[in-house]
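Notes to accompany the following structure.
The values are calculated or read from the model by the stated rules, or taken from the named source; none is laboratory data. What you see is a predicted model; the values in this text were computed from it and never measured. A quick note on method: Cβ atoms are made from the backbone with ideal geometry, for glycine too, and the neighbour counts reach across all protein chains shown. Remember, those area values only see protein heavy atoms, side chains included, never the ligands or the DNA or RNA. Shrake-Rupley method; radii C 1.70, N 1.55, O 1.52, S 1.80 Å.
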Amino acid sequence: MAAAATISCTQKGTDWIGNGIRTAAAQLELTAEEVDGTGMLPRSIHEGYDMTDLCMQLGRDSLTFKDSLRARPAADKKGKRSLCGIYDWTSGFFPGSLWYAYELTGDEKLKEEAVKFTNLLNPVRYYDGTHDLGFMIGCSYGNALRLSPADTIRNVIIETADNLISRFDPEIGCIRSWDFGTWNFPVIIDNMMNLDLLFLASRLTGDDKYKDIAIRHADTTMKNHFRDDYTSWHVVSYNDDGTVERRQTHQGKDDNSSWARGQAWAVYGYTACFRETGDSTYLDFAEHIADMIMSRVTTEDAIPYWDYDAPAGPDTPRDASAAAVTASGLLELCTFAADGRKYYDYAVKILKSLSSPAYLAKVGENEGFVLMHSTGSLPHGSEIDVPLNYADYYYLEAMKRYLSLK
Ligand code: GLY
């Protein structure tokens, strides 16, 4: 395997990227062994929250939310690895990370684990209860198809894409994100990440119906999800006639704030739309979002606070996952943009920060996760300043993209 051979050379070095890859591979292998046989996948670490801190971050005097198990773990679980089932939106990231780690090292043991954990997700092909199917199946089976093609994998991808497009409403021009909540037809910016699965399904089948829906979704989102300064709302809900019902946040500081991961999903998603369509509207848009991110992230190491509008300070939780998604997105954007160098340099700055001891775990620590200091959903008291499986996935993807550019 050519890619693995190239990267193995780097691996032998003592540079930051070699260390990042070695650490990731060791952590993933260790975790795979420990989780094997549970039928579950690693997601994060159980942590609680401090209500005073939450109120401070959110600029509110009091807060009411329904504690999820994730927000308030039992004492004996605190600090321990949390697992998720195959229908969780993050289920594809661990198998996907194993695939990337295999690609980056050529280690056959990682491939074996990647195949095993990918196969666990097979029943998801019959599921249509969320827009997150793109994350779940694209990151697992999508990478499996790339690195170990088989018709059975191809079929899972196409069946899943069919289920994903069943959530598309032609009147509204979007794929419905969630089936919970009081919204009429909620669409979240994260949904841009599910379009890659549709582009892939069109390439695999030669049928443009998947791609056409992805483009409609991207165009409707471009029209309604962004403010004049190219920051994005998190949730836009639509009326049945396609008019906007509400613009809100779910995981950000407030309805008008810029939730860090949402901005990262946006730049990554529109870069992918340009890659797949060649339409320069998407490239221009992705560049505007990237420029906004680079001017709005104020931390010295380029790892954003969990929300760009959160009160900045040494105790403000960071979101390494947003940084990893941004780095990966910018490493693709830099190959298309006329002024690509600035995106490349910024992405490398992020990657070096993530690969430093401030964010990269020591082998055997961090409950087997690769990166520390991400934030899942602060307003819900959930997964604050913890590792997250998707931070690890996009960190690995970004390292792969970085090495491909080199
Ligand atoms: N897609 C959910 C999240 O980014 O937290």
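Identify, by number, the condition in (1) modelled with pLDDT of 95 or more; (2) surrounded by fewer than 18 Cβ atoms within 10 Å (Cβ to Cβ); (3) not charged (D, E, K, R); (4) not in a helix (DSSP H, G or I) that residue 73 doesn't meet.
Here residue 73 clears every test but (1).
Just name the residue that is farthest from the chain's Cα centre (by Cα) out of those in region 126-141 that are more than 15 Å from the ligand (Cβ to nearest atom) and surrounded by fewer than 24 Cβ atoms within 10 Å (Cβ to Cβ).
The selected residue is 126.
So the check is Cβ under 8 Å with 6+ separation or different chains; which pairs have a first residue in region 319-332 that's among the charged types (D, E, K, R) and a second one that's part of a helix (DSSP H, G or I) and within 13 Å of the ligand (Cβ to nearest atom)?
Short answer, once both residue conditions are applied: 319/260; 319/261; 332/268.
One residue is enough: does region 266-274 have a residue meeting the conditions touching a strand residue (DSSP E or B) at 6+ places or on another chain (Cβ under 6 Å), within 22 Å of residue 340 (Cβ to Cβ) and open to solvent by less than 30 Å² (accessible area, probe 1.4 Å)?
Going through region 266-274, the residues touching a strand residue (DSSP E or B) at 6+ places or on another chain (Cβ under 6 Å) turn out to be 266.
Then drop every residue that is not within 22 Å of residue 340 (Cβ to Cβ), which leaves 266.
Those left that are additionally open to solvent by less than 30 Å² (accessible area, probe 1.4 Å): 266.
Looking through region 266-274, at least one residue is touching a strand residue (DSSP E or B) at 6+ places or on another chain (Cβ under 6 Å), within 22 Å of residue 340 (Cβ to Cβ) and open to solvent by less than 30 Å² (accessible area, probe 1.4 Å).
The rows are residues; the columns are (1) over 28 Å from residue 73 (Cα atoms); (2) within 20 Å of the chain's Cα centre (by Cα); (3) surrounded by fewer than 19 Cβ atoms within 10 Å (Cβ to Cβ).
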site	(1), (2), (3)
292	yes, yes, no
295	yes, no, yes
307	no, yes, no
330	yes, yes, no
377	no, yes, no
383	no, yes, no
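Of all residues in region 226-255, which are away from the ligand (no atom under 16 Å from the Cβ), touching an Asp or Glu at 6+ places or on another chain (Cβ under 8 Å) and either open to solvent by 30 Å² or more (accessible area, probe 1.4 Å) or among the hydrophobic types (A, V, I, L, M, F, W, C) (or both)?
Once the filter is applied, which keeps residues that are away from the ligand (no atom under 16 Å from the Cβ), touching an Asp or Glu at 6+ places or on another chain (Cβ under 8 Å) and either open to solvent by 30 Å² or more (accessible area, probe 1.4 Å) or among the hydrophobic types (A, V, I, L, M, F, W, C) (or both), region 226-255 yields 230, 239, 240, 241, 247, 254.
Counting only residues that are within 16 Å of the ligand (Cβ to nearest atom), give me the helices (runs of 4 or more DSSP H) lying completely in region 293-406 with at least 2 of them.
Working: elements: 320-336, 340-354, 389-405.
Output list reads 320-336, 389-405.
Consider only pairs whose beta carbons are under 8 Å apart and that are at least six residues apart or on different chains; among these, list those whose first residue lies in region 155-169 and is under 14 Å from residue 185 (Cβ atoms) and whose second residue is assigned to a helix (DSSP H, G or I).
Sorted first by the residue in region 155-169, then by its partner, the pairs are 168/213; 168/216; 168/217.
Give me the pairs, please: first residue somewhere in region 186-202 and closer than 14 Å to residue 139 by Cβ, second residue anywhere and within 14 Å of the ligand (Cβ to nearest atom) and β-branched (Val, Ile, Thr), beta-carbon distance under 9 Å, and either six or more positions apart or on two chains.
That search, which allows pairs on different chains as well, returns 193/325; 194/175; 195/175.
Let's see how each residue does on (1) touching a Phe, Trp or Tyr at 6+ places or on another chain (Cβ under 9 Å); (2) among the basic types (Lys, Arg); (3) over 25 Å from residue 54 (Cα atoms):
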{"position": "181", "(1), (2), (3)": "no, no, no"}
{"position": "197", "(1), (2), (3)": "yes, no, yes"}
{"position": "212", "(1), (2), (3)": "no, no, yes"}
{"position": "234", "(1), (2), (3)": "yes, no, no"}
{"position": "241", "(1), (2), (3)": "no, no, yes"}
{"position": "248", "(1), (2), (3)": "yes, no, no"}
{"position": "252", "(1), (2), (3)": "yes, no, no"}
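Can you tell me which residues in region 85-119 are aliphatic (A, V, I, L, M), touching a residue at least 40 places away in the same chain (Cβ under 8 Å) and open to solvent by 10 Å² or more (accessible area, probe 1.4 Å)?
Step one: filter region 85-119 for residues aliphatic (A, V, I, L, M), giving 86, 98, 101, 104, 110, 114-115.
Among the residues that remain, those that are also touching a residue at least 40 places away in the same chain (Cβ under 8 Å) are: 86, 98, 101, 104, 110.
Hit for region 85-119 is 86, nothing else.
Quick check: is even one residue across region 150-157 crowded, with 16+ Cβ neighbours inside 10 Å and in contact with a strand residue (DSSP E or B) (Cβ under 9 Å, 6 or more places away or on another chain)?
For region 150-157, residues crowded, with 16+ Cβ neighbours inside 10 Å and in contact with a strand residue (DSSP E or B) (Cβ under 9 Å, 6 or more places away or on another chain): absent.
Condition first: in contact with a strand residue (DSSP E or B) (Cβ under 9 Å, 6 or more places away or on another chain), among the hydroxyl-bearing types (Ser, Thr, Tyr) and crowded, with 21+ Cβ neighbours inside 10 Å. Now tell me which residues in region 189-222 satisfy that.
Within region 189-222, 221 is the sole residue that qualifies.
So, in region 18-76, exactly how many residues are β-branched (Val, Ile, Thr) and either more than 27 Å from residue 313 (Cα to Cα) or in contact with a His (Cβ under 7 Å, 6 or more places away or on another chain) (or both)? Walk me through how you get there before you give the answer.
Of region 18-76, the ones β-branched (Val, Ile, Thr) are 21, 23, 31, 35, 38, 45, 52, 64.
Narrowing the set further to residues that are either more than 27 Å from residue 313 (Cα to Cα) or in contact with a His (Cβ under 7 Å, 6 or more places away or on another chain) (or both) leaves 21, 23, 31, 35, 38.
Of the residues in region 18-76, 5 are β-branched (Val, Ile, Thr) and either more than 27 Å from residue 313 (Cα to Cα) or in contact with a His (Cβ under 7 Å, 6 or more places away or on another chain) (or both).
Regarding residue 402, is this residue within 25 Å of residue 140 (Cβ to Cβ), surrounded by 24 or more Cβ atoms within 10 Å (Cβ to Cβ) and not polar (S, T, N, Q)?
Details: within 25 Å of residue 140 (Cβ to Cβ): yes; surrounded by 24 or more Cβ atoms within 10 Å (Cβ to Cβ): no; not polar (S, T, N, Q): yes.
Judged against the criteria, residue 402 is not a match.
Looking only at region 84-114, count how many residues are closer than 17 Å to residue 37 by Cβ and touching a helix residue (DSSP H, G or I) at 6+ places or on another chain (Cβ under 7 Å). Spell out how you get there, then give the answer.
As a first pass, look at region 84-114 and keep what is closer than 17 Å to residue 37 by Cβ: 84-86, 91, 94-95, 98, 109, 112-114.
Within this subset, residues satisfying the condition of being touching a helix residue (DSSP H, G or I) at 6+ places or on another chain (Cβ under 7 Å) are 86, 91, 94-95, 98, 109, 113-114.
Residues that pass the stated criteria total 8.
Checking residue 68 against (1) under 23 Å from residue 34 (Cα atoms); (2) within 16 Å of the ligand (Cβ to nearest atom); (3) open to solvent by 30 Å² or more (accessible area, probe 1.4 Å); (4) in contact (Cβ under 8 Å) with a residue 60 or more places away in the chain, only one condition comes out false. Which one?
For residue 68, the failing item is (1).
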